[in-house]
Structures are given as C-alpha cells and as structure tokens.
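Written below as structure tokens is the structure these notes are about.
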Amino acid sequence: MWIPQDEHLLATILHPQLKHFDKNPSHKSRAMQVLQKEIHKRTTANSSSSSFDSSSTPITINTKKNLLSLCFDDPRSPTSTVDEFASWMSSTLTLDDEENDDILGFWSYHNQSFPIISTIVRDIFAIPASNMTVERLFSISKYTITDKRTRLGMEKINKLMFLRKNLNILKAIFDNQTGDNEQNQEKRKNDQSSNKSSDENIKKQKVDENDDILIEEKENMF
C-alpha cells in the first residue's frame, strides 16, 4: 500500500484547486499540520537570522550580480507579519489557466501575498517527478570529475554540473544582457558623436564669423 509522504501532502495543499482534498478528505488534517509546521519552522529561522544580522556589524556588499550569483545566491525570505496559513486556506484564488495547470506561474504571481509559503512552493515543486534527470547527471558527471580532477570540492562540482545542464538557458540570458548593454553603448556613442558634431559646427561657425570680421576690417582699412 502506497503511503503519501509529507512532500506529497504539501504539493497537494499548495495547489489552489486541490488544497481542500475533496477526493481524499482523510489526508486533509495531516496536510494542514505539515504545512503549519513548515511555515512555523521557516518563520522562526527567518526571525533568528534577522535578529543576528541586526546585532552584527554591517558589511559593505558588492551589489553587482553575475549569472552565477543570480543562480546560486539564496536570498533570505521575508518574515511574514500575517497568518499565511489561515489566509491561504480561506482564499478563493484559482488558476487562471487550468488547462495548462501552470502552478509555478500562479505562485510567481502571488509571491508577495504569501512570501513564506512561496519559499515552500519553490522547494516542493522543484522535486522531479522521477529520478531520470538525476541519473543523467550522474552519467555525464564522469566528464567533469576525471582522473586528473579528483580533488574538486562539492560546491564547485555542483556549480560545474549546473552550468553543464543549463548552459543553453544561461547563454540566452547572457546574450540578452549583452544585447541590452550593446544597445546602450551604441546609443551612448551616437549621443557622443552627435554632441561632437554640434561642437564642431559651433566652432566652424565661430571661425567663419571671425573670418568675416577680419575681412570687414581689412576692407575698412582700404
């Protein structure tokens, strides 16, 4: 007999169309307890982190982001000031596109309304439905961890495997950012050339005026 795990219950209760367990109401109370416990755990962790940060000496941080920092930096979740569990269970929100069941798009849109629950959603719905993807990563890891690279650290291996798996996506993001930068640079060059042309025209106009004055003075002398 298959017994649902906490992750299955969370995935169900975090779905707006399934959270009331109409098909299997016997699991609803357990799912609610699991979700409340997870919210409490994350809220407590965020409160502890916030109090620690406020008592520590402020450190100047470089705000410049690159692709790896955007992918691997784990921003701290905001501390919720409302009872997110009660708000979520009493809400009447539904999926706008039920046909495609875009649950990630739904939570991306309502992220600000449920900041703590949104962090749970990212963790739960990131779990693959099968281990096929993981097996593929294990298979291609031999090209990263070779006989000459046996002392790679776990964090570096993780990033290398991530880059190998998502290279095309990251390349598209980088190309878009590069394209925007190139457009800004081109616009800046055009503005500079336009200003330079205006300065040259002004200088030429002044030279012509000076020449006219000299010619007029010479004519008056004769």
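To keep it simple, each residue is scored yes or no on (1) farther than 30 Å from Lys159 by Cβ; (2) modelled with pLDDT under 90.
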position	(1), (2)
Ile39	yes, no
Ser56	no, yes
Leu70	no, yes
Ser118	no, no
Arg122	no, no
Pro128	no, yes
Met132	no, yes
Ile140	no, yes
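Take the conditions (1) more than 16 Å from the chain's Cα centre (by Cα); (2) within 30 Å of Asp83 (Cα to Cα); (3) loosely packed, with under 11 Cβ neighbours inside 10 Å; Ile103 misses just one of them, which is (3).
Looking across region 129-167, the residues that are more than 30 Å from Thr12 (Cα to Cα) and not in a helix (DSSP H, G or I) come down to Thr144, Ile145, Thr146, Asp147, Lys148, Arg149, Thr150, Arg151, Leu152, Gly153. Cβ-Cβ distances below 6 Å connect the following pairs, each with a first residue in region 1-24 that is closer than 16 Å to Leu93 by Cβ, a second residue that is surrounded by 14 or more Cβ atoms within 10 Å (Cβ to Cβ) and among the small types (Gly, Ala, Ser), and a separation of six or more residues or different chains: Ile13/Ala31.
If you take the residues of region 5-29 that are among the aliphatic types (A, V, I, L, M) and assigned to a helix (DSSP H, G or I), which of them is farthest from the chain's Cα centre (by Cα)? Top of the filtered list is Leu9.
The values are calculated or read from the model by the stated rules, or taken from the named source; none is laboratory data. None of the values given here were measured: they were computed from a predicted structure. Cβ atoms come from the backbone with ideal geometry, glycine included; neighbour counts cover every protein chain shown.
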